[in-house]
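Below is one structure, written out as structure tokens; the observations come after it.
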Amino acid sequence: MVHSFEMNGKYIVLDVYSGCVHDVDKLAFDVMNALTPPLAEELSDDILQKLSAEYSADEIREVYTEILALSRAGQLFSEDTYKEMILPSDGELPPVKAMCLHVAHDCNLRCKYCFADDGAYQGSRALMSEEIALGAVDFLVANSANRRNLEIDFFGGEPLMNFGVVKKTVEYARALEKKFDKNFRFTITTNGVLLNDENMKYINENMHNVVLSLDGRKDVNDRVRKTAGGGGSYDLVLKKLLTMAESRNQDNYYVRGTYTAYNLDFAADVLHLADLGFVQTSVEPAVAADDKEYALREEHLPRLFDEYERLAAEYARRMREKDDEFRFFHFMIDLEQGPCVIKRLSGCGAGCEYVAVTPEGDIYPCHQFVGMIEYKIGDIENGIQNEEIRTKLNGCNVYTKDVCSDCFAKFYCGGGCVANAGIYNGDVNVPHKVSCELQKKRVECALYVECARGS
Amino acid sequence: MGHIKTLNSAVLKESASEGGCGECQTSCQSACKTSCTVGNQGCERVQKESK
């Protein structure tokens, strides 16, 4: 399968099953689009005739020679040879290796779009006890089999509201590393309100990654990210977030925003974050039911696509001219050293290698499923009890989703977020449509950046 | 003159033979939490070998 597109004056061809990206001229672009595999040694008269208004036969034959060579080398019009790789062989579920630890189902902000229900996750506000937290670490180690790298993300609500338990958890997990031959990597996701010199120092000494929440321009941020008193949070957190980023040498963190129907011009927010001095940026689309005022809907897509393309052009320009360069997570694709194809086809691992644990010790497939009792898969005290859901999620991959079959982006999203599929479509094998469309545009923009940024 | 500039090798096919070790970062542990960003992750094996 080949996906070809034009963006900002660049002609780009992605050979989906090999992963090869080709930066081509208009002639090659037009010839490739006229071809149907398998390719013959000689170009047919039909193709020559079809393109004769724009190109001479010699020009077309010349470019066909290049196309044919790439095809023979497995870099163009390559076939799908991966399906058998991920078919479950013995029904065995993979080890658990990553955990979203909800140390606080409470928050000191009241963000309008919060999928966590302002921290409470459709339940009562609660902080995780030390006993539950350490039990979660034991569960992770006990279920990780031979996986060495284990990940714990301190999440909420706002995890800094329960920082004592965060520290106890880190200390306990570190103490188990040698005994069980494990390597823990910790992440903390915070709104920054409670950051201070002391906890920043601890975070820098112990956390592999930090996710800092801020949406961009002050008016955009403050419209949705509000304090409990109803005021904006931008001025409250900005200086702290910048200090945190600087104190980590602008590495191993993300300033992470959410864009909604309120800021369809979200490229301005990404650039605002970059211009503030954040180097590692990530701004994600809000996913919500259509009846929410802030929800991104299909009617917004053309405008959002324009924004992505505009942002990609400016991003590539800054890289090319080495002018205020920054990194935007959606555009970060390493064409030579990305994840293996097995990972790409298998998806996010929710419910299998990845689980979320609530303050009460309940286990869900991921943070987005928390509070949906029908998706609860067990608890820390008794372990996994609902293997049916895990088995269902484990069997979920790009080959079990109809819309992925002819989609060029499937190796970049792994079939999309299963939680969004389950929550909004009632079926983990039916991806959320707006998310799919945005994902496809993100991938195109990322490939464009690779072509346009220069070496 | 060439009409096609190929940016990378057939990485997916090459990764198929040695992939699937399961040691790499889970996608939602990076920065997204609301979308699936598998393609933006790195390969643990490559990172280890380059150290």
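Rounded to the nearest 10 degrees, the angle from helix A:57-72 to the longest Cα principal axis of chain A is 40 degrees. Cα centroid separation, region A:1-64 to region A:173-231: 48 Å.
On full extension, the segment bounded by A:Glu92 and A:Arg303 gains 71.5 nm, given 0.36 nm per residue less the C-alpha separation.
Over the residues of the protein assembly as shown, the helix contribution to mean residue ellipticity at 222 nm works out to -11000 deg cm²/dmol, using -39500 (n - 2.57) for each DSSP H run of at least 4.
Roughly what angle does helix A:301-320 make with the longest principal axis of chain A, taking Cα atoms, 0 to 90 degrees, to the nearest 10? Taking the Cα atoms of chain A, the angle to A:301-320 is about 90 degrees. The figure for A:Glu388 is an accessible area of roughly 150 square angstrom, using a 1.4 Å probe on the protein chains alone. Annotation note: trypsin sites (Lys or Arg not before Pro) in region A:310-358 located in DSSP loop regions with a Cβ neighbour count of at most 11 within 10 Å are A:Lys322. Once A binds B, the 1.4 Å probe can no longer reach about 4900 Å² of accessible area, counting both sides. Taking only Cα atoms, what is the 0 to 90° angle, nearest 10, from helix A:267-276's long axis to the longest principal axis of chain A? The helix A:267-276 is inclined about 60 degrees to chain A.
Distance between the pseudo-spin-label points of A:Ala142 and B:Leu7 (7 Å out from Cα toward the beta carbon): 4.7 nm.
Entry comment: accessible area of chain A is 40 Å² per residue, from protein heavy atoms only and a probe of 1.4 Å. Expressed as a whole percent, the accessible surface of the protein assembly as shown that belongs to carbon and sulfur atoms is 47, based on a 1.4 Å probe. Placing a pseudo-label 7 Å from each Cα along the Cα-to-Cβ vector at A:Leu39 and A:Glu198 gives an inter-label distance of 6.6 nm. Taking label positions 7 Å along the Cα-Cβ direction at both A:Glu360 and A:Arg125, the computed distance is 1.8 nm, reported to one decimal.
The slack between A:Lys50 and A:Asn382, meaning 0.36 nm per residue of separation minus the straight C-alpha distance, is 112.8 nm. For region A:243-273, heavy-atom accessible area (probe 1.4 Å) falls by no less than 50 Å² from the chain alone to the full protein assembly at A:Arg256.
The values are calculated or read from the model by the stated rules, or taken from the named source; none is laboratory data. Since we're looking at a predicted model, the values are computed, not measured. Every residue, glycine among them, receives a Cβ derived from its backbone with ideal geometry; neighbour counts consider all protein chains shown. SASA here: full protein model, heavy atoms, side chains in, ligands and nucleic acids out. Shrake-Rupley method; radii C 1.70, N 1.55, O 1.52, S 1.80 Å.
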